[in-house]
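Read the figures in this text as sums done on the coordinates, not as results from a lab. Keep in mind the model is a prediction, meaning the values are calculated, not measured. Note that we place each Cβ from the backbone using ideal geometry, even for glycine, and neighbour counts take in every protein chain shown.
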Amino acid sequence: MPSLCWYLYRLHFGRQEGLIDCKYPLGMRQRLEFIVVFVLVWGLGALPRRCARGAGAGLGALAFFLTRRLRRTGERNLQIAYPQSDGQWRRRVVRQLYRNIGLHLAEFCLMSRYTPESTRSFVRYAGLEHFLAARDRGRGVLVVTGHLGLWELSSFYHALMGYPMSMVIRRLDNPLVDRLVNSIRCLHGNSILHKDDFARGLLGAMRRGDTVGILMDTNMTPPQGVFVDFFGTPACTASGLARVAMRTDASVLPGFLTWREEERKYVLEFGECLELVRTGNDEEDIVANTQLCTTAIEGWIRRFPEQWLWVHRRWKTRPPGEPSLYS
C-alpha cells in the first residue's frame, strides 16, 4: 500500500518541478500519514463539488464532537473576544466554524480541478482595484490576511485569475504531506516562503515588486512578536510585515476570501491600502503598524465571526507577569 500510494503521488504530481528527486524521510508513520492525506485529497477531489462539500461538512460536524479540547479553546477565545456573549451563542459560532473547516477541506481537495470559467458561479472579486493600484506602484504588495474564510482558496484563486503571489507558510511536520499540499497551492504560479527563512525572501520579493500574503493572526513569542490590542486583550503578534513594509515602502492592504450567505458565493475582497505610521521612532512605529494591521484583521473577523479559526490559542503568550488565559 505505501508503495502504491507513493507511485500514485509521483504519477499525479511528478511533473511539478523538483518534486520527484527530493529525498524524503522513510519513517513508517510519515508514510502512513501521507497515505491518509493523499487518499482524502484524491477521494474528495474526485467527487462532484456538491458531494465533496457535503462530505466536508459532515467531517467538520464529526470533528466538532471528537475534538473537545479544541472546542473548549474556541469557546474560551470567544469569551475573551466577546465578554458579553452567552454560552449558547459561543457554542453555535464554534459549531459553524467546524462546518466551515470541513468545507475548506473539501474546496482544497477540489482546487486542482478549478479553472477561471468553472469558478465564476461561486467566487467573485470585490475591491480588486485596490490591489491593482497597490501593485502598479511597483514597490511590492504585502497582503494582510489571516485564518478567516477560505484562506487556502484565496491565494489559489488570485493566481488562477492571473495574479500569482507568494505565501509565508510554516512547514508542515511531515515533509511528504508538506510537499503534497504545496504542490496544489502552487499549481498556477504561486510560490512558498517558509517562515523559518522568510525575511530574505520577503525583502527580495518586495524589491521585485511581487505580492506576498502573510497570515498575521497567530500567536507569536518575543522577539518575533510584539504585544498589540486584539479584541481588547494584548496579543503577541508577528511584527515582520511592519518591519519589511517600513524598510521597502511596500503597499500594505487587507485581503480575505469569505462566504457571503446572501449571494451563496465566496468573495475575495481587498480593502484600501493602509496608511503606515512613520514618526521616525522605528520601534514605536513597528508596534503602531503591527497594531494597524491587527485592527484591520479584527474588523474583518467581527464581520464574519463564524469563519475565523477560534480554536487556535491566539492569546497564549502573555505579557510578563500576566497569568495564562487558558488555565
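Label sites at residue 207 and residue 32, each approximated as a point 7 angstrom past Cα along Cα to Cβ, lie 4.7 nm apart.
Convex hull volume per residue, computed on the Cα atoms of segment 53-169, equals 153 Å³.
Of all complete DSSP H helices in the chain, those with a Cα span along the helix axis of 27 Å or greater and a mean Kyte-Doolittle hydropathy of -1.0 or more are 87-110, 282-303. Across the alpha-carbon atoms of the chain, the computed radius of gyration and Dmax are 20.0, 61 angstrom.
Computed from the Cβ-Cβ distance with R0 of 25 Å, the FRET efficiency linking residue 120 to residue 262 stands at 0.90. What the Cβ-Cβ distance of residue 42 and residue 172 gives, at R0 = 22 Å and to the nearest 0.05, is a FRET efficiency of 0.75. Which FRET efficiency, nearest 0.05, do residue 275 and residue 302 yield, Cβ-Cβ r, R0 22 Å? Efficiency computed from Cβ-Cβ geometry: 0.60.
Inverting the pair-averaged 1/r between distinct Cα atoms of segment 157-221 gives 12.7 Å as its Kirkwood hydrodynamic radius. Applying both filters, DSSP loop and at most 16 other Cβ atoms within 10 Å, to the GluC sites (Glu not before Pro) of segment 237-327 gives 261, 262, 263, 272, 275. Take every pair of alpha-carbon atoms less than 8 Å apart whose residues are at least six positions apart; their mean separation over the length of segment 155-260 yields a relative contact order of 22 percent.
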